[in-house]
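The values are calculated or read from the model by the stated rules, or taken from the named source; none is laboratory data. Being a predicted model, the structure only gives us computed values, none of them experimental. Neighbour counts run over all protein chains shown; Cβ positions are idealised from the backbone, glycine included.
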């Protein structure tokens, strides 16, 4: 029997949790999905509507709870009468959980997509909301879905109810993210020689992603005489970012870096890379870009954040965060294999690991399993 799932998420901008919500709604066609953004449509509002999914944006300002918006959410919940309210991220879980109870719906499932809270980099409001959620975790939700094992462990330490927490790993569309030949076209369009290896990172410009670490590592790599090109893709990674441009110049690598900015066709771009790097310093739970690159047969170098090491397994390289020398050495090892038979074996192994562990079907089944168990438990009580 199809369920009606109403999702409450903080926003629909270009981010990991937002992308997972989008993939879940688009691929779970057996249920009806309604999406509520506390803020605006962001990137994914339009994309969800194109797939026939109902989307509502409440227009809240960041970190500002609006009584009128909360009231509209309560009215919407009473009108839709969902079987399950699935919330996403801290603010979405707090507001969605309270509104659901006010609307008379107790079948609330929280979604956590964060690992460790950093007292320096994470906003005070975010840390406060997380603490509030911990205190409410035995009262508001019937279950809490986390996307990574390290995320579960970190939140149990914060005081979240361990007995409510279930790990459902992110999943990926393996037809969309698949090996294709696009490197030659990308190099030609960007004036790069065909024999130049391309190292890339797809990630928004944010302190969490630690682009400064990657730039320092790339400077070290070039100083050793390696000929390669760095491609940076994502929101804020374009010529208008003066801070980033200054950092590139200070490292003396201007001629070896391309800033692409947001790019709609991520699978095409992933296939243009030889190596994908994630240089994050903190806060990752289950980095989507690693799995997306691997699904395209692109080996990955990553810092040891969230469940990144578990995603990569033995198909890539894992180094400590904030260590440019270690990062440079790992990229060097990757490039040293590039024209060997071992490289082709590694590419196939990366793809196979995603196929066997992180398919979109596995994720959809995981969410459906939690939702139906919540409803069964509610019926028994």
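Which residue out of 363, 294, 270 is in contact with a helix residue (DSSP H, G or I) (Cβ under 9 Å, 6 or more places away or on another chain), crowded, with 20+ Cβ neighbours inside 10 Å and at pLDDT below 95?
270
If you check every pair at least six apart or on different chains, which have Cβ atoms under 8 Å apart with a residue in region 249-260 that is on the phi > 0 side of the Ramachandran plot first and a residue that is modelled with pLDDT of 95 or more and assigned to a helix (DSSP H, G or I) second?
252/219
Taking the options 297, 283, 306, name whichever one is part of a loop (DSSP other than H, G, I, E, B), farther than 25 Å from residue 155 by Cβ and touching a residue at least 60 places away in the same chain (Cβ under 8 Å).
The conditions single out 297.
Do any strands (runs of 3 or more DSSP E) entirely within region 1-90 hold 1 or more residues that are in contact (Cβ under 8 Å) with a residue 60 or more places away in the chain, and if so, which?
4-9, 32-37, 84-88
With the structure loaded, tell me whether residue 328 is farther than 30 Å from residue 26 by Cα, assigned to a helix (DSSP H, G or I), touching a helix residue (DSSP H, G or I) at 6+ places or on another chain (Cβ under 6 Å) and touching a residue at least 12 places away in the same chain (Cβ under 8 Å) or whether it fails that test.
yes
Quick check on my filter: what residues within region 138-148 are modelled with pLDDT of 95 or more, surrounded by 24 or more Cβ atoms within 10 Å (Cβ to Cβ) and in a loop (DSSP other than H, G, I, E, B)?
141 - this is the single residue of region 138-148 that is modelled with pLDDT of 95 or more, surrounded by 24 or more Cβ atoms within 10 Å (Cβ to Cβ) and in a loop (DSSP other than H, G, I, E, B).
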